[in-house]
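Every number here is computed from the coordinates shown, using simple stated rules; none is lab data. Fair warning: this is a prediction, and the values are worked out from it, not measured in the lab. Reconstructed Cβ throughout: ideal geometry from the backbone, glycine too, with neighbour counts over all protein chains shown.
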Amino acid sequence: MNVPFVDLRAQYQALAGEIGAAVRGVMEHADFILGREVEEFEAEFAAYVGAKFAVGVGSGLDALELSLRACGVGPGDEVITTANTFIATVLAILRAGAKPVLVDMDPVTYNLSAEVLAAAVTPRTRAVMPVHLYGQPAEMQAILDIARRHHLAVIEDAAQAHGAKYQGKRVGALGDAGAFSFYPGKNLGAYGDGGLVATNDEAIAAKVRQFRNYGQTQKYHHVVAGTNSRLDTLQAAILRVKLRHLDQWNGLRRQHAAAYTARQAGLPVVPPSVQPGVEHVFHLYVVQVDRRDEAQSALARKGVQTGIHYPIPVHLQGAVQSLGFREGQFPVTEAAAKRLLSLPMFAELTEAQLDYTVECLREAVGAA
Ligand SMILES: *Cc1c(COP(=O)(O)O)cnc(C)c1O
């Protein structure tokens with residue numbers, strides 16, 4: 001049996017009719033740039049996450065960078081985020097002209113914890129970026145409390161957490177701005193690149209709207225040096241169709257996660273820990289195992305595709321070498337990078353694929 005890590009074709013096959021009609025609709029009315037579907041999707045996504053405003057942009061990276069800029073973050077500012085994240089979080093801070101200040105991840109949630117955040121605040125700190133990594137919300141109440149005390153902007157990196165809930169509220173609308181990615185493999189994925197900024201602050205929404213479209217307030221009136229980062233109308237039309245299925249897909253992901261965890265009981269495998277008061281959406285189902293690389297190869301030989309998120313922590317990447325981070329600086333993140341293993345996870349994963357994956361994992365970790 002072959003178990004892919006994600007299977008985007010299974011989802012397309014189920015929606016092909018609806019998607020085809022949506023794409024043809026855009027072709028027929030031919031407003032390809034910031035067309036009506038972008039506005040419709042923005043309104044629907046804002047309502048879905050419980051934000052007053054949503055602005056579609058070109059990618060998750062741009063959503064993060066434009067959120068920072070709209071919150072007034074720039075040169076001379078420090079922005080605190082977690083060492084266990086995808087590099088986009090850190091690159092967005094650099095692109096906004098600010099200095100990324102990294103802290104070690106929490107060993108249980110793998111997220112930014114309020115306690116380490118508090119210790120990293122300096123007089124130059126301007127913003128904090130919690131990442132709802134793997135689909136699990138960070139401890140937002142405590143993070144928001146610290147941010148309010150120090151007058152920091154809070155920009156959520158919700159690129160892995162569409163639909164996840166923290167104390168009953170969806171992430172992305174809890175801080176000043178929330179950045180989403182619609183990279184195809186995300187819980188809500190386009191058929192190309194896309195991103196979005198959600199916010200309850202009208203001024204932040206207006207600034208992102210300006211930045212994404214050459215800094216203009218009206219055509220050919222450019223008030224700031226903006227960029228070209230508009231959510232594509234075709235992608236918005238596709239995303240509108242898919243948004244209607246997101247809760248169902250997230251529910252299936254949660255079921256698969258519960259089944260994985262139950263069936264792995266007794267194995268030398270550390271399952272993900274789901275915190276009280278959150279609704280995890282399992283963008284990734286990540287376990288820890290000893291001799292991870294051997295386990296991953298053994299699974300691959302059996303046809304089970306897995307991932308590692310992330311094999312090289314962001315502070316040890318060549319891209320940020322000039323920032324002076326060093327090995328040993330974030331021991332929890334560094335140790336986890338050698339043990340983390342992401343198992344196949346997507347809504348359409350079948351019971352047989354899940355059973356087979358657990359059987360292969362049992363053999364791979366040497367427990368008969
Ligand atoms: C995917 C992702 C991003 C970036 O999204 P793109 O659309 O690929 O630019 C940012 N942060 C995290 C945590 C991600 O997983």
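Less than 14 Å Cβ to Cβ from residue 197, Lys/Arg counted +1 and Asp/Glu -1: what total charge do the surrounding residues give? Don't jump to the answer; show the numbers that get you there.
Values: positive: 52, 69, 207, 209, 212, 230; negative: 42, 62, 65, 156, 157, 176, 201, 202.
That sum, taken over residues with Cβ under 14 Å, equals -2.
Counting other Cβ atoms within 10 Å as a rough exposure proxy, the listed residues 247, 106 run 247, 106 from fewest neighbours to most. Would you tally the net charge around residue 90, using a Cβ to Cβ cut-off of less than 13 Å, leaving residue 90 out, and scoring K and R as +1, D and E as -1? After counting each charged neighbour, the total is -1.
Remark: the Cα gyration tensor places segment 54-106 in the oblate category, a/c being 1.5 or greater and a/b not exceeding b/c.
Where does the charge balance sit around residue 136 when Lys and Arg score +1, Asp and Glu -1, over other residues with C-beta under 13 Å from its C-beta?
Values: positive: 165, 253, 254; negative: 106, 139, 156, 157, 279.
Residues near residue 136 contribute -2 overall.
Cross-link partners among lysines for residue 242, C-alpha distance below 27 Å, same-chain residues fewer than 8 apart left out? The qualifying lysines are 52, 165, 169, 186. For the chain, the square roots of the Cα gyration tensor eigenvalues, ordered a ≥ b ≥ c, give a/c of at least 1.5 with a/b no greater than b/c, which places it in the oblate category. Arranged from fewest to most other beta-carbon atoms within 10 Å of their beta carbon, 5, 211 become 5, 211. The order of 304, 101, going from fewest to most other C-beta atoms within 10 Å of their C-beta, is 101, 304. Rounded to the nearest 0.05, what FRET efficiency do residue 220 and residue 29 have when you use their Cβ-Cβ distance and R0 = 22 Å? It comes out at approximately 0.35. Here the contact order of segment 109-244, divided by its residue count and restricted to Cα pairs under 8 Å and six or more residues apart, works out to 15 percent.
If packing is taken as the mean number of other Cβ atoms within 10 Å per residue, what is the order of 233-242, 336-345, 154-163, highest first?
Sorting 233-242, 336-345, 154-163 by mean packing, highest first, produces 154-163, 233-242, 336-345.
Highest mean first, the peptides 72-78, 352-358 sorted by other C-beta atoms within 10 Å per residue fall in the order 352-358, 72-78.
Computed on the chain, with alpha-carbon pairs under 8 angstrom and 6+ residues apart, the relative contact order is 22 percent. For segment 286-315 and segment 65-129, compute the distance between their C-alpha centroids and round to whole Å. Each part reduced to its Cα centre gives a spacing of 27 Å.
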